[in-house]
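Below is one structure, written out as C-alpha cells; the observations come after it.
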Amino acid sequence: MKTGIKGIRIRRAAAVAMTTGAVLATGALTAAPAQAVTAPSIVAKGGYAMNNANGASLYTKAADGRLSTGSTTKIMTAKVVLSQSNLNLNAKVTIQKAYSDYVVRNNASQAHLIVGDKVTVRQLLYGLMLPSGCDAAYALADKFGSGSTMAARVKSFIGKMNSTASSLGLRNTHFDSFDGIGNGNNYSTPRDLTKIASSAMKSATFRTIVATKAYTAKTITRTGSTRTMATWTNTNTLLSSYRGAIGVKTGSGPEAKYCLVFAATRNGKTVIGTVLASSSINQRATDATKILNYGFARLG
C-alpha cells in the first residue's frame, strides 16, 4: 500500500514538474514574442521593409512620403529592360558621344563607357547597377525606347518606366528620368521602391547582377579589338558588411541625399526594404542594417 501511494506521489510530482516546465516554456515565448522587438530609430527621412515572401510590412517610417530617389531609380530602368519581350542580353549597343557628354555635363556617376565601343545589354546592366553608370542608363533607354530620334526614344523609355509603376499599383511614384537625375518630378516612396525592387528580384538575371560585388566587362572597340574595362565595383557596401545580403541598389544626390534599397536572406526568409534621404553613405548602411535586423527578429 505504501509503495502504491509513493508511486502515485512520484507520478503526481512528475506531472506537476512537466506542467510547470510547459508553463515556463510557454511563458518564455509569451513574454518576448517576435512582435515585441523594439523598432529601431533611423536617421533617414523615410524607411520601409517587408517580408518578401508575402509582402507583409515589417517596418515603416514615413513609408508613403514622396521623396527624390536618386539612382535607386535605376532599379526600374533595369526592370523595364529585363521585361522586354524576346530580350537578347548579348545584343550589342554602340556607345554614342551623347551618353558620354551627358555624364560629363551632369557630373554624374558613370561606368566610363568608351564612345564607339560595342557593349552588350548584359554588360550595360552591370554598368548600370554596380558603379551606377548614368551613361549605361542612357544607352539602355536609347536602345529600348521607341522613336526615330534619341530624344523620342528616351521619352518613350521613361514612359515605360511610369506605365510599369502604374501596372504595379504604385500611386506615389513618378519618373522623369532614366537614371534619377530628374527635372524636379522624379519621386517615389520607401514602400513603392521596395515593391519595385521585389518585382525586379523575380528576374534571375537581376538577382545575379545586384548580388555581384565586382565585374569586369570586355567590350569591342571601333577597330574590332577587345577592350578590358576597368573593373566595376558595386556601390552597395551591405554585400560585404551584412550576412545574407543579396542586393539591391544605392542612390544619392543633392535632393535625394543618401538612399539604399536593400535585401537579405537568412534561414530561408528574405527581408527587402528601402531607406530614403539618409545623411551619409555610412549612415544609410547603418539605417538599413538596423531595419534588416529588426525585420529578421520579427520574422523569428
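The values are calculated or read from the model by the stated rules, or taken from the named source; none is laboratory data. Because the structure is a prediction, the values reported are computed rather than measured. No Cβ is skipped: glycine too gets one built from the backbone with ideal geometry, and neighbour counts run over all protein chains shown. Heads up: the accessible areas ignore ligands, DNA and RNA and are worked out on the full protein's heavy atoms, side chains in. Shrake-Rupley method; radii C 1.70, N 1.55, O 1.52, S 1.80 Å.
Tabulated data
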{"item": "Listed values [x] 69, 48, 34; [y] 104, 40, 34; [z] 53, 44, 44, entry calculated as Cα extents along the principal axes in Å", "result": "[y]"}
{"item": "Neighbourhood charge, 13 Å Cβ-Cβ cut-off, centred on Val93 and excluding it, Lys, Arg +1 and Asp, Glu -1", "result": "+2"}
{"item": "Gyration tensor verdict on region 167-243 (Cα atoms; rounded if a/c is under 1.5, prolate if a/b is larger than b/c, oblate otherwise)", "result": "prolate"}
{"item": "Dipole moment magnitude, nearest 20 debye, the chain about Cα centre, only Lys, Arg, Asp, Glu C-beta charged", "result": "1260 debye"}
{"item": "HN-Hα J in Hz across region 243-253 - Karplus 6.51, -1.76, 1.60, θ = phi - 60°, x for Gly and Pro", "result": "4, x, 4, 10, x, 9, 6, 8, x, 7, x"}
{"item": "Accessible area of region 231-300 belonging to carbon and sulfur atoms, whole % at 1.4 Å probe", "result": "48 percent"}
{"item": "Efficiency of FRET between Arg105 and Thr208 - r from beta-carbon atoms, R0 22 angstrom, step 0.05", "result": "0.10"}
{"item": "Potential extension, Ile281-Arg227 segment - 0.36 nm per residue separation minus Cα distance", "result": "16.3 nm"}
{"item": "Length released on extending from Ser167 to Lys269, taking residue separation times 0.36 nm less the Cα-Cα span", "result": "34.1 nm"}
{"item": "Under 5 Å, built H, 5+ apart or other chain: amide partners of Ser252", "result": "Ser71, Thr72, Cys259"}
{"item": "Share of carbon and sulfur in the accessible heavy-atom surface of region 33-156 [1.4 Å probe, %]", "result": "48 percent"}
{"item": "For the chain, accessible area per residue (1.4 Å probe, heavy atoms of protein chains only), Å²", "result": "47 Å²"}
{"item": "Lys, Arg +1 and Asp, Glu -1 on Cβ, resulting dipole of region 182-300 about Cα centre, debye, nearest 20", "result": "340 debye"}
{"item": "The chain: DSSP helices with Cα axial extent of at least 24 Å and average Kyte-Doolittle hydropathy no lower than -0.5", "result": "2-31, 150-167, 281-299"}
{"item": "Mean ellipticity per residue at 222 nm, deg cm²/dmol - from DSSP H runs of n ≥ 4 across the chain, formula -39500 (n - 2.57)", "result": "-13500 deg cm²/dmol"}
{"item": "Gained length - Asn183 relative to Ala98, 0.36 nm times residue gap less alpha-carbon distance", "result": "28.8 nm"}
{"item": "Average Cα contact separation per residue, the chain, under 8 Å, 6 or more apart, as relative contact order %", "result": "25 percent"}
